[in-house]
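Have a look at the structure below before the remarks.
Bear in mind that the values in this text are calculations on the coordinates, not laboratory data. Just so it is clear, the structure is predicted and the values come from calculations on it, not from any experiment. For neighbour counting, all protein chains shown are included, and Cβ atoms are generated from backbone atoms with ideal geometry for every residue, glycine included.
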């Protein structure tokens, strides 16, 4: 018998850029409530703002990016994904295991070798 345990995850969510600020906040709240309803704990949410998508998705070229750090039982992640697929305001999402919670997002320059 396997024992489930709580793990730290980071979730990247892209929300439809055509939504009003109020509707966008409600979409983000729906994401965080889904985590909390599955006995998860939100540690940090980074609002990365409106950004251009790498490629067009469902005729959309931009989206609002959010990075959320949360702890949850590993078995509940599959249930979260099922809920996210039904959420029409989420353009894309990704969940990955994390080693630690980043308090700020900093991007390093790529080293160019010649």
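Quick notes
- When the test is whether a residue is within 13 Å of the chain's Cα centre (by Cα) and crowded, with 16+ Cβ neighbours inside 10 Å, residue 15 passes it.
- Any hit, region 47-62, residues being surrounded by fewer than 17 Cβ atoms within 10 Å (Cβ to Cβ), within 26 Å of residue 7 (Cβ to Cβ) and touching a strand residue (DSSP E or B) at 6+ places or on another chain (Cβ under 8 Å): yes
- Among all positions in region 55-77, there is at least one residue which is touching a helix residue (DSSP H, G or I) at 6+ places or on another chain (Cβ under 9 Å) and part of a helix (DSSP H, G or I).
- The residues of region 19-43 that are over 18 Å from residue 94 (Cα atoms) and surrounded by fewer than 12 Cβ atoms within 10 Å (Cβ to Cβ), listed by number, are 20, 21, 22, 39.
- Within region 32-46, the set of residues being over 14 Å from residue 73 (Cβ atoms) and in contact with a strand residue (DSSP E or B) (Cβ under 6 Å, 6 or more places away or on another chain) comprises 32, 42, 43, 44, 45, 46.
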